[in-house]
Amino acid sequence: MKKLAIILFVFVTMSGCETAQQVLNSLPDAAGTNGLSSAQIAAGLKEALTVGTQNSTSQLSAVDGFFKNAAIKILMPPEAEKVVSTLKTIGLNSLVDKAVLSINRAAEDASKSATPIFVNAIKQMTITDAIGILKGGNNAATNYFKSKTTADLTATFSPIVNKALQQTSATKYWNDIFTAYNQFTKNKVETDLSSYVTGKAIDGIFYEVAIEEQKIRQNPAARVTDLLKKVFGSSLANSGNTNTGTIRQ
């Protein structure tokens with residue numbers, strides 16, 4: 001065994017990474033990888049993220065995908081709490097309700113265009129990234145995905161949300177609310193509705209993606225392909241799944 005270890009060390013040191021990886025992949029499964037190569041592990045992680053994002057965006061883009069999901073329903077921004085309270089006091093509840101419904105409809109509509117953005121980001125994942133994610137906790141893939149793509153998603157998603165807001169008349173209701181409120185105060189209020197809804201819509205999608213990731217990691221029935229079963233059934237995958245805390249937006 002010691003001689004074999006020395007031979008492997010010399011071989012890996014002197015050989016190209018690709019050739020060395022091929023030899024290492026042919027060795028017995030000593031690392032708990034279920035006999036999977038690094039490339040197979042990466043493919044499994046990418047497949048898991050693809051399945052998770054497709055499920056998530058499909059749910060959220062449906063009617064009431066945001067509006068009737070208490071965990072991610074988009075409410076009025078904190079800056080508008082005083083406005084909402086004042087308008088309800090003077091009997092303009094319906095105006096507030098219409099605005100909330102409209103911004104959630106905008107998020108639902110924008111979610112239809114999210115899947116290709118996620119798929120493109122998934123393709124950029126490296127083998128090293130995949131190994132680290134597989135050994136990570138329940139939300140490791142989602143957290144990695146979030147940290148690496150949020151800026152690009154925001155830049156791409158923002159105009160989609162803005163267009164959706166216009167189509168659902170959310171901007172009109174938003175302007176109506178602040179026009180009404182500003183008639184009763186000297187402190188005029190302005191909030192960037194498009195930016196706010198974009199951020200909340202992306203938060204909602206990542207929230208649902210994290211739930212899908214946990215399902216795949218923890219529930220064998222959610223592993224819908226042979227590759228997912230093998231990747232997430234390996235001891236390497238289970239070694240990092242000690243974090244069972246609740247998901248936070």
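The values are calculated or read from the model by the stated rules, or taken from the named source; none is laboratory data. Not measured: the values here are computed from a predicted model. Virtual Cβ from ideal backbone geometry, glycine too; neighbours counted across all protein chains shown.
Before moving on, here are some points about what is shown:
- Considering (1) crowded, with 21+ Cβ neighbours inside 10 Å; (2) closer than 18 Å to Val83 by Cα, the lone condition that Ala106 does not fulfil carries the number (2).
- Among the residues of segment 66-83, those that are within 15 Å of the chain's Cα centre (by Cα) and closer than 13 Å to Ile103 by Cα comprise Phe66, Ile72.
- For segment 182-193, the condition of being at pLDDT 75 or above and surrounded by 16 or more Cβ atoms within 10 Å (Cβ to Cβ) holds for at least one residue.
- Pick from segment 143-162, criterion loosely packed, with under 14 Cβ neighbours inside 10 Å and either in contact with a Pro (Cβ under 8 Å, 6 or more places away or on another chain) or modelled with pLDDT of 80 or more (or both), ranking: farthest from Ala201 (Cα to Cα): Ser147
- The set of residues in segment 153-177 being farther than 30 Å from Gly91 by Cα and among the aliphatic types (A, V, I, L, M) consists of Leu153, Ala155, Ile160.
- Looking at Phe66, Phe11, just one residue is modelled with pLDDT of 75 or more and either touching a strand residue (DSSP E or B) at 6+ places or on another chain (Cβ under 6 Å) or aromatic (Phe, Trp, Tyr) (or both), and that residue is Phe66.
- Ala201 closer than 18 Å to Ser113 by Cβ and either in a helix (DSSP H, G or I) or within 13 Å of the chain's Cα centre (by Cα) (or both): yes
- Selection of segment 45-78 for residues being touching a residue at least 24 places away in the same chain (Cβ under 8 Å), part of a loop (DSSP other than H, G, I, E, B) and of a type in the set (Lys, Arg) yields only Lys73.
- In this structure, Ala42 does not satisfy being touching a residue at least 60 places away in the same chain (Cβ under 8 Å), assigned to a helix (DSSP H, G or I) and either within 18 Å of Ser194 (Cα to Cα) or in contact with a Pro (Cβ under 6 Å, 6 or more places away or on another chain) (or both).
- Segment 120-139, subset in a helix (DSSP H, G or I) and touching a Lys or Arg at 6+ places or on another chain (Cβ under 9 Å), residue nearest to Leu228 (Cα to Cα): Ala130
- Put simply, of Ala48, Ala71 the only residue that is out of contact with any Leu (no Cβ under 8 Å at 6 or more places or on another chain), of a type in the set (A, V, I, L, M, F, W, C), at pLDDT 75 or above and at negative phi is Ala71.
- When every residue of segment 121-129 is checked against the conditions, none turns out to be crowded, with 21+ Cβ neighbours inside 10 Å and not small (Gly, Ala, Ser).
Results for (1) β-branched (Val, Ile, Thr); (2) over 19 Å from the mean Cα position of the chain (by Cα); (3) not in a helix (DSSP H, G or I), shown as yes or no for each residue.
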residue	(1), (2), (3)
Thr156	yes, no, no
Gln166	no, yes, no
Thr179	yes, yes, no
Val197	yes, no, no
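- Scan segment 52-101 for residues that are surrounded by 20 or more Cβ atoms within 10 Å (Cβ to Cβ) and more than 15 Å from Ile177 (Cβ to Cβ) and the total you get is 8.
- Extreme residue, surrounded by the fewest Cβ atoms within 10 Å (Cβ to Cβ), among residues of segment 110-119 that are in contact with a Ser or Thr (Cβ under 7 Å, 6 or more places away or on another chain) and not in a loop (DSSP other than H, G, I, E, B): Val119
- Cβ-Cβ distances below 9 Å connect the following pairs, each with a first residue in segment 215-232 that is β-branched (Val, Ile, Thr), a second residue that is surrounded by fewer than 16 Cβ atoms within 10 Å (Cβ to Cβ), and a separation of six or more residues or different chains: Ile216/Val224.
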